[in-house]
Amino acid sequence: MTACPSRRALLAGAATTLLAPGWLLVAAQAAVPTGRRWGLLIDTSKCTAGCDACVRACAAEYGWGDATQVRSDQAPRWIRKVEAKDPRSGAVKSLPVMCQHCAKPPCVDVCPTGASFKRADGIVLVDRHVCIGCRFCMMACPFGARSFVHEAVTGQRASAPRGMGTVEACHLCVGRVDAGLLPVCLEACRSEGRAAILFGDLNDPDSAIARRIAEIAPARLRPDLRVEPGVHYGGL
Amino acid sequence: MRVLLAAVSILSMLVTGALGAERTWPGQCVADRQEMRRNHMDLLMHTRDATVRQGVRPAGRGLDGCVTCHAVKDERGVPVTVADERHFCNSCHISAAVRIDCFSCHSSLPGGAR
């Protein structure tokens with residue numbers, strides 16, 4: 001074995017020092033800590049039917065809105081606006097629906113390759129390096145949150161790899177969250193003056209989202225399925 | 001036989017410009033040239049799993065860092081995509097006849113460029 005940095009060293013963080021030719025001293029960067037669980041709280045009383053700022057912001061940030069050649073029923077759909085009507089009262093609410101980042105995700109259960117997985121901090125992702133495009137997860141997802149890339153993609157964003165033959169969905173802006181930023185849907189909603197979306201650590205009782213959830217006891221979609229979504233809907 | 005193989009490989013690298021002695025990239029690579037030539041695929045594979053699965057994102061050490069630093073510009077000064085045979089990855093992969101599928105999902109342009 002010649003003098004060369006190990007793979008572990010290569011993975012490490014930005015602080016590096018050259019010890020000798022081929023030897024780098026690097027400070028290891030820690031993986032995502034366990035114990036945290038990222039989630040969203042969406043206040044449906046602030047969300048209006050005509051507004052799709054969150055959807056547009058997501059599509060622009062990750063480039064999934066660029067597709068023009070696809071059939072409309074095959075269009076990528078990381079996040080969508082849904083009209084929910086209570087059949088008894090007739091009340092109609094407009095809300096964004098994206099991957100619900102379940103604690104017990106059915107997509108992960110059915111994935112034959114391990115491509116669908118839940119990160120230590122609760123974010124449910126598709127590892128598209130391993131995805132074979134079988135779409136079992138799309139059938140298993142009770143929320144219709146995932147979509148399949150049917151055609152070759154060019155001009156991807158550097159921060160948003162996506163390509164033909166794999167399944168994709170909302171990843172809770174995982175790269176931004178790892179960098180300490182907020183999801184783009186939240187920022188778009190805030191810049192529209194609505195601020196209907198709250199993001200934070202559900203497991204931290206002192207976080208703004210956890211305190212608000214304790215205060216208003218928001219609903220989660222399809223509680224009968226007991227998948228325990230990480231996305232909460234207030235006023236539903 | 002071994003000498004012949006070495007001569008052929010050096011000749012092919014010269015032809016494709018991969019030897020690159022005349023070429024200097026900005027900044028320092030994550031490992032020295034010989035190490036990168038031999039093991040870049042293992043390094044990328046390992047980085048990829050740690051990034052996707054564990055959220056380890058060391059700045060400039062992902063595939064985006066590679067294509068940003070090693071960007072090749074065309075005669076108009078615009079970085080070329082992997083569809084162009086002058087792209088850095090192509091400078092070896094065409095002659096080695098190893099088809100890579102990284103860029104069916106990842107951007108082959110420097111970060112931020114489309």
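Tabulated results
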| item | result |
| --- | --- |
| Exclusive hit being part of a loop (DSSP other than H, G, I, E, B), of a type outside the set (A, V, I, L, M, F, W, C) and at pLDDT 90 or above, set B:R86, B:R114 | B:R86 |
| Pairs with Cβ under 8 Å, 6+ apart, first in segment A:109-123 and in contact (Cβ under 8 Å) with a residue 60 or more places away in the chain, second basic (K, R) | A:R119/B:R53; A:A120/A:R36; A:D121/A:R36; A:D121/A:R37; A:G122/A:R36; A:G122/A:R37 |
| Residue satisfying condition, being of a type in the set (V, I, T) and surrounded by fewer than 20 Cβ atoms within 10 Å (Cβ to Cβ), within set A:T166, A:T154 | A:T154 |
| Subset of segment A:99-113 [surrounded by 16 or more Cβ atoms within 10 Å (Cβ to Cβ), of a type outside the set (A, V, I, L, M, F, W, C) and either in a loop (DSSP other than H, G, I, E, B) or within 13 Å of chain B (Cβ to nearest Cβ) (or both)] | A:Q100, A:H101, A:P105 |
| When residues of segment A:21-53 are limited to those that are at pLDDT 60 or above and either acidic (D, E) or outside any loop (DSSP other than H, G, I, E, B) (or both), the one nearest to B:M41 (Cα to Cα) | A:W38 |
| Any hit, segment A:176-190, residues being in contact with a Gly (Cβ under 8 Å, 6 or more places away or on another chain) and part of a helix (DSSP H, G or I) | yes |
| Filter pass, B:A71 being of a type in the set (G, A, S), assigned to a loop (DSSP other than H, G, I, E, B) and touching a Pro at 6+ places or on another chain (Cβ under 6 Å) | yes |
| The listed residue being within 8 Å of chain B (Cβ to nearest Cβ) and among the polar types (S, T, N, Q), out of A:S94, A:S147, A:S116, A:S159 | A:S159 |
| All positions within segment A:102-129 that are in contact with a Phe, Trp or Tyr (Cβ under 7 Å, 6 or more places away or on another chain), of a type outside the set (A, V, I, L, M) and within 21 Å of A:G39 (Cα to Cα) | A:D121, A:G122, A:D127 |
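The values are calculated or read from the model by the stated rules, or taken from the named source; none is laboratory data. From a predicted model like this one, the values you see are computed outputs, not experimental measurements. Positions of Cβ are backbone-derived with ideal geometry, glycine not excepted, and every protein chain shown enters the neighbour counts.
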